[in-house]
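First up is the structure itself, then whatever we jot down about it.
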Amino acid sequence: MNHDFGKLPEIFGRYDQSPASLIAILQDIQREYHYLPKEALRETARWLTIPLSKVYSVSTFYNAFSLVPRGKKVIRVCVGTACHIRGASLIQQQFESMLNIKAGQTTPDREHTLEVVACVGACAMAPIIIVDEKYHGSFSVSNVRKILKAK
Amino acid sequence: MRIKDPQHLSKVQKECRAALGKFPKKVIVCCGTGCLANGAAKIVTAFEDVLSKRKVKGFSIEAVTKTGCHGFCEQGPLVVIEPQGTFYTRVKPKDVEAIVEKSLAHDEILEPLLYSDPSNGHKIERYNDLPFFSMQRRIALRHLGKIAAHSIDEYIADGGYQALAKVLTSMTPDEVIAEIMASGLRGRGGGGFPAGRKWRTCRDVVSDVHYVICNGDEGDPGAFMDRSIMEGDPHGVLEGMMIAAYAVDARQGFIYVREEYPLAVTHLKKAIDDCEEVGLLGDNILGSDFSFSIRISRGAGAFVCGESSALMRSVAGEVGEPRAKYIRSVVKGLYDKPTVLNNVETYVNVPLIIDKGAEWYTSIGTPSNTGTKVFSLVGKVRNTGLIEVAMGATMREIIFGIGGGIIDNRPFKAVQTGGPSGGCLPESMLDLPVDFDTLTEAGSMMGSGGMIVMDDRTCMVDLAKYFLSFLVSESCGKCVPCREGLYQLHAMTVKVSEGRATEADLEKMEKLSEMIILGSLCGLGKSGPNPLLSTIRYFRDEYLVHIREKRCPAGVCRELITYEINDKCTGCMACISACAVNAITGEKKQVHVLDQEKCTKCGACYAVCKFDAIEIH
């Protein structure tokens, strides 16, 4: 994929030029491109004068980072304990079988990415899913189709 | 404007109070994450709209206050009319006009928006008369639902930063530590280590630099009190950290916030900016020699980063792997400097302890567990939400009193506390007082305060499997007992849930658990087997039914159940469209047929059927 990396200097400029800024920089890159492009990781390593292997190790350790491009619509199913006992795994399976992918994957047409998240801290409205930052509380399996159809 | 000294702070407080007292009435719109998800932002816009057209005497849009979480998320969006305390639930934008017209202009009550008691259907008018609120003791949550979450003026008007002024003018750091020690405040993050003792140790380490960190990496699934406090009372957290920094001689503080909590980051950032602007953070705070600044460090989604040494590595931009703690992080923590790490709820208690004194604080709770604890009461309980009670309240009081009992009057089965490090307690334990020591003795733990209630349709084997699978994916992989041991425990639990296990496996699981507890490097592994062990301890029979009879009494474990359609089926076709594998066939208004060969037992049909026509066997 071709990206415009002109944004990178601006992202770097937001933080101290120190290895302690690595996670914050990666978060901003992830927000900008919705994943961590290889070239951006190289630039980050150069900017912070740390080995690329260290950047790679941090990028693969934390769940928030993705090394592959994500879909247009990101569906996150909360599978925290409160959601689990109110049927979150059914919701996850329903999305998985309707999209024909597993959690953590993106459909081949790059339309949908399905993720599970351990807890979003909105347990009183369990089970909950988040579609592109919008919360859908007291979610039911019967609404899965509607979410997938919605533009 | 810069607040020069404590006298100036008191003057500013008076001014802020006067500004707030301008309007005799106040409308509070709850803007916690729960209410926002339910549409609270639209309610605020509706008030703006209506009030731009309709003038109400003695009221204006300025008196519409957006507060943090009230805790009663299930009934949201919530609107409260002060000073009467009229409590409106599930408010919709179209109700706002009536609220302005009736409640604001004419002091009338809108009956349909009141909360109705599920036990008798009675409407309850006032906030404080709801059992959900009246049975609580709110200290850590004191500002939530009361003051505007983002406003430093309202915080100061309510006496904010007076505790800071008090320590800067009239207490030495040693006196502050002594006061916190005398209060008996124990860390609210899970372990319950005395906060004062931690501060004492940190101060006693000779070093040019000390750090203060606030742990806002609330990783326990099912707990959201720290989120609500950071969002709803950011200044309370900052003031607690400032007092800690003064006590241990730190100049730099960090707040580590989970990446799933964007609103908390926004509110904390605003609070820090506001404090810097008025000189409550920065150099020579309130004209004293004390200088302190705070930075926010966002987590990136790793449960293990709730562990102190892992968290500190993450703050330094590294992979969040814990280290062996022969030397504790309070002695050698962030960048190898002495570091005080407390969690959000601990810090927010501090200003009040300084303000009202240790003696007042110890009068609440029990002698060895002073003060209150916030719980997120969730799961199969009627009133879900965030609650705060004095330590020592019983679980029965919490679940059946505040929580109003179990949904649909089903039988209570168990309550899970302490997240993935905690355990499940059965009905016979309901009268235990909730405090750090009692819960640990019973085989669970306090944790950060998640309280997940379960009914007879929750399978304990499935729950143990759930927690183990969570821990397997969150284990950082550094030490073998945790990485491999939890993996094997999970595999054996899967065996039980599929009816392939023997009784010898059960013993193996218990033995392996012991080994993991002994051999793991950090708390994640050391406490990882707790959910499994506690369910075996209290629900052994349920494991045995899975093993001997190959049956799941709760109807959850997929390999051991089948779905069948009975003659209650009205032929509505809802299940046909819900089924992802086309296992159900049938015509409109005729009983449908389920093909067992194709069925993946996902339960989608069961969830959508409105006629109890799908049975689990």
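A short reminder: the numbers here are calculations on the coordinates, not readings from a lab. The structure displayed is predicted, hence computed values, not measured ones. Neighbour counts run over all protein chains shown; Cβ positions are idealised from the backbone, glycine included.
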Worksheet item: Using Cα atoms only, what is the angle between the long axis of helix A:22-33 and the major principal axis of chain A, expressed in degrees (0 to 90) to the nearest 10?
Response: 60
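What ranking, highest mean first, results for peptides B:340-353, B:303-316, A:96-109 when packing means the other Cβ atoms within 10 Å averaged over each residue?
On the way: B:340-353: 26.6, B:303-316: 24.9, A:96-109: 14.9.
Sorting B:340-353, B:303-316, A:96-109 by mean packing, highest first, produces B:340-353, B:303-316, A:96-109.
Could you order the peptides B:239-251, B:126-138 from most to least packed, using the average number of other C-beta atoms within 10 Å per residue?
Values: B:239-251: 24.2, B:126-138: 17.7.
Most protected by this proxy first, the peptides run B:239-251, B:126-138.
Mind checking the mean number of beta-carbon atoms from other chains within 10 Å of the Cβ atoms in A:123-132? Walk me through the intermediate numbers first.
Numbers: counts 16, 20, 11, 7, 0, 2, 0, 2, 0, 0.
Per residue, the average neighbour count from other chains is 6.
Where nothing but the Cβ of Lys and Arg (+1) and of Asp and Glu (-1) is charged, how large is the charge dipole of chain B around its Cα centre, in debye to the nearest 20? Please list the in-between numbers first.
Details: 72 positive and 77 negative charges, 102 e Å.
Charge dipole of chain B: 500 debye, to the nearest 20.
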Worksheet entry | For residues of B:412-421, the mean tally of beta carbons on other chains within 10 Å | 1
Worksheet item: Long-range amide H contacts for residue A:73: which residues qualify at under 5 Å (H placed 1.01 Å from N, peptide plane, sequence gap of 5 or more or a different chain)?
Response: A:112, A:113
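How much of the DSSP bridge set in the protein assembly as shown is antiparallel, in percent, rounded to the nearest 5? Before the final figure, lay out each step's value.
Values: 45 of 76 bridges.
Of those bridges, close to 60 percent are antiparallel.
Relative to the Cα centre, what is the charge dipole magnitude of the protein assembly as shown, using +1 at the beta carbon of each Lys and Arg, -1 at the beta carbon of each Asp and Glu, and rounding to the nearest 20 debye?
Numbers: 91 positive and 90 negative charges, 224 e Å.
With Lys and Arg at +1 and Asp and Glu at -1, about 1080 debye.
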Discussion item. Please compute, for peptide B:373-382, the average count of beta-carbon atoms on other protein chains lying within 10 Å of each residue's beta-carbon.
Written reply: 3
Worksheet item: With helices defined as uninterrupted DSSP H runs, which ones in chain B have an alpha carbon span along their own long axis of at least 24 Å and mean Kyte-Doolittle hydropathy of at least -1.0?
Response: B:262-278, B:503-519
Practice prompt. Return the calculated 222 nm mean residue ellipticity for the protein assembly as shown, to the nearest 500 deg cm²/dmol, obtained by summing -39500 (n - 2.57) across DSSP H runs with n ≥ 4 and dividing by the residue count.
Written response: -10500 deg cm²/dmol
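What ranking do B:501-513, B:52-64, B:403-415 get when scored by the average of other Cβ atoms within 10 Å per residue, highest first? Walk me through the intermediate numbers first.
Numbers: B:501-513: 15.2, B:52-64: 12.8, B:403-415: 17.8.
Ranking, from highest mean packing down: B:403-415, B:501-513, B:52-64.
Counting only pairs 8 or more places apart or on different chains, how many lysine pairs in the stretch B:428-562 have C-alpha atoms closer than 15 Å?
Numbers: B:465/B:495; B:478/B:526; B:495/B:508; B:495/B:550; B:511/B:526.
Close lysine pairs found across the stretch B:428-562: 5.
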Worksheet item: For the stretch B:550-567, in order, what is each residue's ³J(HN,Hα) by Karplus, 6.51 cos²θ - 1.76 cosθ + 1.60 with θ = phi - 60°, in whole Hz (x at glycine and Pro)?
Response: 6, 9, 10, x, 7, x, 10, 5, 4, 5, 10, 10, 10, 9, 9, 9, 9, 7
